[in-house]
1. If each DSSP helix of 4+ residues adds -39,500 (n - 2.57) and the sum is divided by the residues in the chain, what number results at 222 nm, nearest 500 deg cm²/dmol?
2. Relative contact order of region 1-140: what whole-number percent is it, with Cα pairs under 8 angstrom and at least 6 residues apart?
3. Assuming 0.890 mPa s and 25 °C, estimate D for the chain with Stokes-Einstein, Rh taken as the Kirkwood radius over Cα pairs, in µm²/s.
4. I need the peptides 72-79, 126-133 ranked by packing, meaning the mean over residues of other C-beta atoms within 10 angstrom, with the highest value on top.
5. Using a 1.4 angstrom probe, figure out how much accessible area the chain has per residue, in square angstrom, rounded to the nearest whole.
6. How far is the Cα center of region 103-150 from the Cα center of region 49-96, in Å?
7. From the protein chains alone at 1.4 Å, what is the descending order of accessible area for H54, H21, largest first?
8. Highest first, please rank the peptides 29-39, 100-110 by the mean number of other Cβ atoms sitting within 10 Å of their residues.
Amino acid sequence: MTNTSSAELALGSLPDLVGYHLRMAQVMVFRDFDRELSDLDVTPAIFGVLEILHQNRGLTQTRLALAIGLDRSSLVPLLDKLQKRNMVKREASTKDRRSNHLYLTAEGEHLLVEAERRVLLHEKRVLARLSKSETRQLIQLLMKLAKSGA
């Protein structure tokens, strides 16, 4: 058996598949995100939760799960972690005891400010090879794919 470098690997049909390229881009983006924010213990999902709760005070867990594309069973442990870190607080709904409303704490707001600053640096690095027009086009195309609901 010969030893080949990754540049020489046969990839079959992968180079023709959108999903393959999306996944490879996601890996690169998530690695850079982790390098920039790991010391804050902020993942892309945590950043999404903080940003959405900042913009939507009192949002229910169900609506938050829909907004960030997580099922409730994945969201609950994430919220538990944020609550233990005193970043998020839950308040039981006065209209539906099965529902909680979510709020960022002062600590959560403070973390979000620092995370946003670093996310902008991360985005600048990740998109360095694209023009502003290409970046807008990429976002539009990704939104179009996401809305296709395939």
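1. Mean residue ellipticity, 222 nm, calculated: -19500 deg cm²/dmol.
2. Computed over region 1-140, the figure is 23 percent.
3. 137
4. So the order, starting with the most tightly packed, is 72-79, 126-133.
5. 72
6. So the two Cα centres are separated by 20 Å.
7. Largest to smallest exposure gives the sequence H21, H54.
8. 100-110, 29-39
The values are calculated or read from the model by the stated rules, or taken from the named source; none is laboratory data. Given the structure is predicted, the values throughout are model-derived calculations rather than measurements. Using ideal geometry, Cβ is built from the backbone for each residue, glycine included, and neighbour counts are taken over all protein chains shown. Calculation scope for accessible area: heavy atoms of the full protein, side chains included, ligands and nucleic acids excluded. Shrake-Rupley method; radii C 1.70, N 1.55, O 1.52, S 1.80 Å.
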